[in-house]
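These notes concern the structure reproduced below.
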Amino acid sequence: MRFNLVSLFPEFFDSPLSSGLMARARQSGLVELVCSNPRDFATDKHRSVDDRPYGGGPGMVMLLETLDAALKSLDKPGKILLMSPSGRPFDQAMARDLAGEEALTLVCGRYEGVDERLMSLHDVTPLSVGDFVLNGGEAAAVCVVEAVARLLPGFMGHVGSGEDESFSAGLIEYAHYTRPENFQGLLAPEILLSGDHGRIGRWRREQSLAATLARRPELLETAPLDGKDFKVLRDLSAQGGRRRLGRNLHLALAHHPVLNKEGKTVAVSLTNLDVHDIARCSCAYGLGGYYISTPLADQQALARELVGHWLGEQGRAVNPDRAEALERVRVVDTLEQAVALTTEAAGRKPRVAATSAAVAEKSGPLLSVADLRGWLEESPVLLVLGTGHGLAPEVFETVDGTLRPIRPYEAYNHLSVRSAASIMLDRILGDAQ
Ligand SMILES: C[S@@+](CC[C@H](N)C(=O)[O-])C[C@H]1O[C@@H](n2cnc3c(N)ncnc32)[C@H](O)[C@@H]1O
């Protein structure tokens, strides 16, 4: 396979692409590297390859003319990939696709990058090796060349090495061990010495699933998994094999102070569905607590009666799952009381985050889901949802921040509070977290 490397610093590739298996692949002709330096195509006396950006700003931009000439000089360009932090994220699936090509051209940017019109001159795909900025595209190109070349048949000594490793089956790879069996008291897993390849295969699959669940749960969303895998994952999760940020999250459903349609601060009545659905969601996401806050005595009595029905002997017998969810409901007079109970349960005062369907100027710092997750890593959090027409302005004045609305760019985002609660909980604590 031919890799054309368009770079102002071709010497960059000398060492990394001349060692180990790559050196052997080049010697055998399996991999061919061709460098094309835009500077060799410069026509002015300074051999310029860059210039200042139009519109001002720092740094320099790579000139079109020399890049275009360097690309046109290639006799077998194949697909053209531009190394760029703003490109499509490079991954193992892409490496596998690219390994089927006869030739690839990797354009390495320098300075602030290349003149955007390169995309109009050539069929170029921008590719990123990660959400960070390198000095130049050469280090990124080395990653792409290595990842693609090692999948070529004959590159690796052992057929199947490429199929077994991380990401090939959508999971992180299992852990490896080699001699000695006992190093300073650290033993290699007994099963790997058993010679029973069936058991070893199953153990390795479990190791892969465990590592992925603990470190990269988002990969499980797309990994091909069967019923046995899900059973293993459920057992691992029950044994504490995944982060349980939900424990730190407490939810309060406020029926006062909230706004009515006229914009007045009022107390509104309870909705049976909110009690049930949010309790079940809180249970499914492992929340630390669910508080229903209302100052109205009759509404408190109603909430207690609803919950009591399902926690009673008959309710439990008919629907034990419902009882398990409703057990976490606490009826409180005020949000302050919800804060106090969270403090008692968590052993620390929580940070309090409000929610709103609107982005109001006065609602204090707007929190992203990632911000809230960051809070949960450090401390308990009480997330306050409002009934009626939303939480009254005074609530926003006392909280530590407000979670960004759901669907903030759409004209209609009027969700029921129980829908909003479900969506928020899944965004904060979903399976991929
Ligand atoms: C200093 S960077 C330019 C960064 C650019 N101004 C920006 O903010 O997106 C110079 C060159 O390094 C390469 N590069 C930097 N980070 C990269 C990444 N994460 N993936 C692929 N290429 C990268 C690109 O070729 C880029 O043109």
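For segment 1-156, the residue among P153, T43, V133 whose Cα projects farthest onto the positive side of the dipole built from Cβ charges is P153.
The packing ranking, built from the mean of other Cβ atoms within 10 Å per residue, places the peptides 366-376, 288-298 in the order 288-298, 366-376, highest first. In plain terms, the bigger the Kirkwood radius, the slower the diffusion; for segment 115-174, with that radius from Cα pairs, at 4 °C and 1.567 mPa s, Stokes-Einstein puts D at 91 µm²/s. Counting only DSSP beta bridges with both residues in segment 59-164, the antiparallel share comes to about 0 percent. Assuming charge only on the beta carbon of Lys and Arg (+1) and of Asp and Glu (-1), the dipole of the chain about its Cα centre is about 620 debye to the nearest 20. Where both partners of a DSSP beta bridge lie in the chain, what percent of those bridges are antiparallel, to the nearest 5? DSSP beta bridges in the chain are roughly 15 percent antiparallel. When only the Cβ of Lys, Arg, Asp and Glu is charged (+1, +1, -1, -1), the dipole of segment 321-424 relative to its Cα centre reaches about 180 debye. Scoring 183-189, 82-88 by mean Cβ neighbours within 10 Å over their residues and listing the highest first yields 82-88, 183-189.
A simple charge model with +1 on the Cβ of Lys and Arg, -1 on the Cβ of Asp and Glu and nothing else charged puts the dipole of segment 235-322 at about 380 debye relative to its Cα centre. Peptides 405-418, 102-115 ordered by packing proxy, namely the average of other Cβ atoms within 10 Å per residue, highest first: 102-115, 405-418. Equivalent-ellipsoid semi-axes for the chain (Cα gyration tensor, √(5λ), whole Å, largest first): 55, 33, 16. Normalising the average separation of contacting C-alpha pairs (under 8 angstrom, six or more residues apart) by the number of residues puts the relative contact order of the chain at 12 percent. Put simply, the amide H of N4, placed in the peptide plane, has neighbours under 5 Å in V34, L104, T105, L106, leaving out anything fewer than 5 places away on its chain. Work out the charge dipole of segment 290-433 with +1 on the Cβ of Lys and Arg and -1 on the Cβ of Asp and Glu about the Cα centre, then indicate which of H389, A420, T342 is farthest towards its positive end. Among H389, A420, T342, the one farthest towards the positive end of the dipole of segment 290-433 is A420. Sorted ascending by nearby beta carbons within 10 Å, beginning with the fewest, L382, L220, L21 become L21, L220, L382.
All of the numbers you see were taken from the coordinates with simple rules; none came from a lab. Since this is a predicted model, take the numbers as computed values, not measurements. Neighbour counts are summed over all protein chains in view; Cβ atoms, including those assigned to glycine, are modelled from backbone coordinates with ideal geometry.
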